[in-house]
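*Asks:* This is the structure I want to talk about, given as structure tokens.
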């Protein structure tokens, strides 16, 4: 008996335990869906989860780095909207080459995030308030570009949005593939590079990190620049998906991204968790939406309520486990 | 001519020598926010003809100043509650959701059914107005209790704890209304948000009453000191024998109560409850107002009067932008720039930098 109990305790103390809970949750949700609705457990439904949430996955990856470093970035939804707006405007009104547009947007996103990181570090301000101001700024800039939604009919973007890449009997969209590649790169960055280790160190304890000789400032600026870059990439994927730029795109997305990261098992206090958890978090959010869509009688606001409930459960579980570890 | 009631501007008086009095005035924490508001008002006076004009129509006072004050009422209420939360090192981002929730509950309970009385069609409330208002207020209190217990009991970070209600609260409000906008037809309810008492909008009296009650609580009882102690050092405050958990639950309940009242004002003013958009981003404006008023986001130092001035600055800015014919979208950029400037100028690093430059 005691061996089982200690085994269970060892299991729940393992760093990957919350991530495991999320994966089990995802499997249970898919199982319920499969039992309740015929056709739910097809490969394509699973792929659609990825296709419909590719932009969220990319944004959540950036958010994952920020949260691992002990910060928070509330501007990602607004930066995503600004990116769709700039993409649409540069394509439709300035007639730039698509490659130049994408490059420019990604660069601007990274610079926007980096600038916020610089302000946070230089003036020792709370990330929350600085990125809040960044959110206002980016949303406002959207409307300075155009108040109306701009439709994209540039041939390359239209072609990308209609491409289906055959995969394992189903298909994926280019956006989903880009998101998966971004995830692999992010996992490599987090676990196999000096930057990744510095992010964990800063998030774990900033003072110790500084005393170890790590460049806390550069790490912090890098993290926010990365988040800005991811938000901008999310914006490009969103323009592929929606074929439009609009200042109201991605409203509340920052909360979805934070929720995905938390549900994916990353501690909000920083320094603890896995970037790959973003994938399971995003898939859980996507599965909730799909279940509600399959049910047909439940309305979309149930998504918000369920996400709120899940956030609550995960935060409390994290809290209890964190308390035990100490 | 300027009949604004602003308790925050009454400076500490007493038998102080003129020179000392002047330095006291110059160092007063409210100086900067008040000066910013004054600059805005002067700009308006120059740019908008008849800005300070007040006239009496049908026994009601009309004019841009009254308009700004009236429109700022929900924000002032939200900022009041937010000030105390921020003073304890917390933050409450569920304010907008609570506004939507309480407004929705009130609007649904009151609603209004048409009854023909002696040939005159009349609208009758579905539930007695007192009950409906109490229910809406009760929902807000429950929201606050939930936030408070999460922060003080389970010890979640305030931003995460209130994030949960921010996401789920609006969803619950939409669930109640089935995603529809609920229209209110019952006349007496409109008085709350658009009625006039002694020539001034009734909403202002609500704000003044809440402000007076809060000032009384904070200045005349030890509560203000306790809140400050928790904000400056929660551990030390607890070791000194303060019941920090109870205090923290109280400030979150207070904040939600203020938000609930603001929700009632909003729904009564627009005669309907929109679960999707009521109070959207109000939490951000409230945080902005509190910051502008000189309350430190690091906790401890707070100023209720400053937050009121902050709310007025935001509303005056919005009003100015609309009346100058600048696209309202610019508003957000202006707000963002203002937040950046205020935050950076508040930071110790920036002041140290300035000192080094001038030395």
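*Asks:* Under the classification rounded if a/c is under 1.5, otherwise prolate if a/b is larger than b/c and oblate if not, where does the range A:36-101 fall, given a ≥ b ≥ c as square roots of the Cα gyration tensor eigenvalues? Each step should come with its number before you reach the end.
*Replies:* Details: a/c = 3.14, a/b = 1.31, b/c = 2.40.
Oblate, since a/c reaches 1.5 and b/c is not below a/b.
*Asks:* Sticking with this one: Gaussian network model of chain A, Cα springs within a sub-10 Å range: biggest mean-square fluctuation belongs to which of A:115, A:159, A:190?
*Replies:* Of A:115, A:159, A:190, the Gaussian network model singles out A:159 as fluctuating most.
*Asks:* Compute a Gaussian network model of chain B, connecting alpha carbons closer than 10 Å, and tell me which residue from B:287, B:181, B:248 fluctuates the most.
*Replies:* B:181
*Asks:* Hey, could you pull the Cα Rg and Dmax for the range B:133-251, both in Å?
*Replies:* So, for the range B:133-251, Rg and Dmax equal 18.5, 54 Å respectively.
*Asks:* Applying 1/(1 + (r/R0)^6) with R0 = 35 Å to the Cβ-Cβ distance of residue B:236 and residue A:16, what FRET efficiency is obtained, to the nearest 0.05?
*Replies:* It comes to 0.40.
*Asks:* What number, in percent, do you get for the relative contact order of chain B if the mean sequence gap of Cα pairs under 8 Å and at least 6 apart is divided by its residue count?
*Replies:* Relative contact order comes out at 30 percent.
*Asks:* For the range A:209-243, list residues with backbone N below 18 Å from a point placed 7 Å from the Cα of residue A:171 toward its Cβ?
*Replies:* Counting backbone N atoms under 18 Å from the label point, the list is A:240-243.
*Asks:* Additional query: Helix-only estimate, please: 222 nm mean residue ellipticity of chain B, summing -39500 (n - 2.57) across DSSP H runs of length 4 or more and dividing by its residues, to the nearest 500.
*Replies:* -21500 deg cm²/dmol
*Asks:* Could you check the simple spin-label distance between residue A:208 and residue B:345, using points 7 Å along Cα→Cβ, in nm with one decimal?
*Replies:* It is 4.0 nm.
*Asks:* Summing -39500 (n - 2.57) over the DSSP H runs of n ≥ 4 in chain A and dividing by its residue number, what mean residue ellipticity at 222 nm do you reach, to the nearest 500 deg cm²/dmol? Present the calculation step by step, with values, prior to reporting the outcome.
*Replies:* Details: 15 runs with 244 residues, N = 326.
Calculated from helices alone, the mean residue ellipticity at 222 nm is -25000 deg cm²/dmol.
*Asks:* Moving on to the next point. Which number do you get for Rg(Cα) / (2.2 N^0.38 Å) in the protein assembly as shown?
*Replies:* That works out to 1.00 for the protein assembly as shown.
*Asks:* Still on this model: Before anything else, pin down the relative contact order of the range A:51-250: Cα pairs under 8 Å, at least 6 apart, normalised by residue count, whole percent. Intermediate values should be presented prior to the final figure.
*Replies:* Values: 339 pairs, mean separation 97.0, N = 200.
Computed value for the range A:51-250: 49 percent relative contact order.
*Asks:* Give me the inter-chain shielding for A:312-318: mean count of other chain Cβ atoms within 10 Å, whole number please.
*Replies:* The shielding value for this peptide is 4.
*Asks:* If you bin the C-alpha pair distances of chain B every 20 Å from 0, what whole percents do you get?
*Replies:* Distribution as computed: 28, 57, 15, 1, 0 percent.
*Asks:* Order by neighbour count: B:47, B:281, A:243, fewest other Cβ atoms within 10 Å first, most last.
*Replies:* B:47, B:281, A:243
*Asks:* Between residue A:148 and residue A:111, what length in nm is gained on full extension when 0.36 nm per residue of separation is reduced by their alpha carbon distance?
*Replies:* Roughly 10.8 nm would be gained on extension.
*Asks:* Using a Förster distance of 60 Å, how high is the FRET efficiency between residue B:298 and residue A:52, based on the Cβ-Cβ distance and rounded to 0.05? Could the numbers behind the result be given before it?
*Replies:* Details: r = 41 Å, r/R0 = 0.68.
That gives a FRET efficiency of 0.90.
*Asks:* Could you sort the peptides A:74-82, A:117-125 by per-residue average Cβ neighbour count (10 Å cutoff), highest mean leading?
*Replies:* Peptide ranking by packing, descending: A:74-82, A:117-125.
*Asks:* Which distance in nm do the two modelled labels at residue B:243 and residue B:221 give, with both placed 7 Å along the Cα-to-Cβ direction?
*Replies:* In this crude label model, residue B:243 to residue B:221 measures out at 1.2 nm.
*Asks:* Just to be sure I understand: with springs between alpha-carbon atoms less than 10 Å apart, which residue in A:279, A:90, A:56 has the highest mean-square fluctuation in the Gaussian network model of chain A?
*Replies:* A:90
*Asks:* For chain B, take the longest principal axis of its alpha carbons; what is the angle in degrees between that and the long axis of helix B:31-47, to the nearest 10 within 0 to 90?
*Replies:* Result, in degrees: 60.
*Asks:* Given Cα pairs under 8 Å that are at least 6 residues apart, what percent is the relative contact order of the range B:251-325?
*Replies:* Computed value for the range B:251-325: 20 percent relative contact order.
*Asks:* For chain B, find the longest principal axis of its Cα atoms and tell me its angle to the long axis of helix B:64-87, 0 to 90°, nearest 10.
*Replies:* With rounding to tens, the tilt is 60 degrees.
*Asks:* Points 7 angstrom from Cα along the Cβ direction at residue A:297 and residue B:154: gap in nanometres?
*Replies:* 3.0 nm
*Asks:* Using the 10 angstrom Cβ neighbour count as an exposure proxy, how do A:191, A:249, A:95 rank, fewest first?
*Replies:* By the 10 Å Cβ count, ascending: A:95, A:191, A:249.
*Asks:* What angle, in degrees between 0 and 90 and rounded to the nearest 10, separates the Cα long axis of helix B:244-270 from the longest principal axis of the Cα atoms of chain B?
*Replies:* 50 degrees
Taken together, the values in this text are just the output of simple stated rules run on the coordinates, not laboratory data. In this text, all values refer to a predicted model and were calculated from it rather than measured experimentally. Virtual Cβ from ideal backbone geometry, glycine too; neighbours counted across all protein chains shown.
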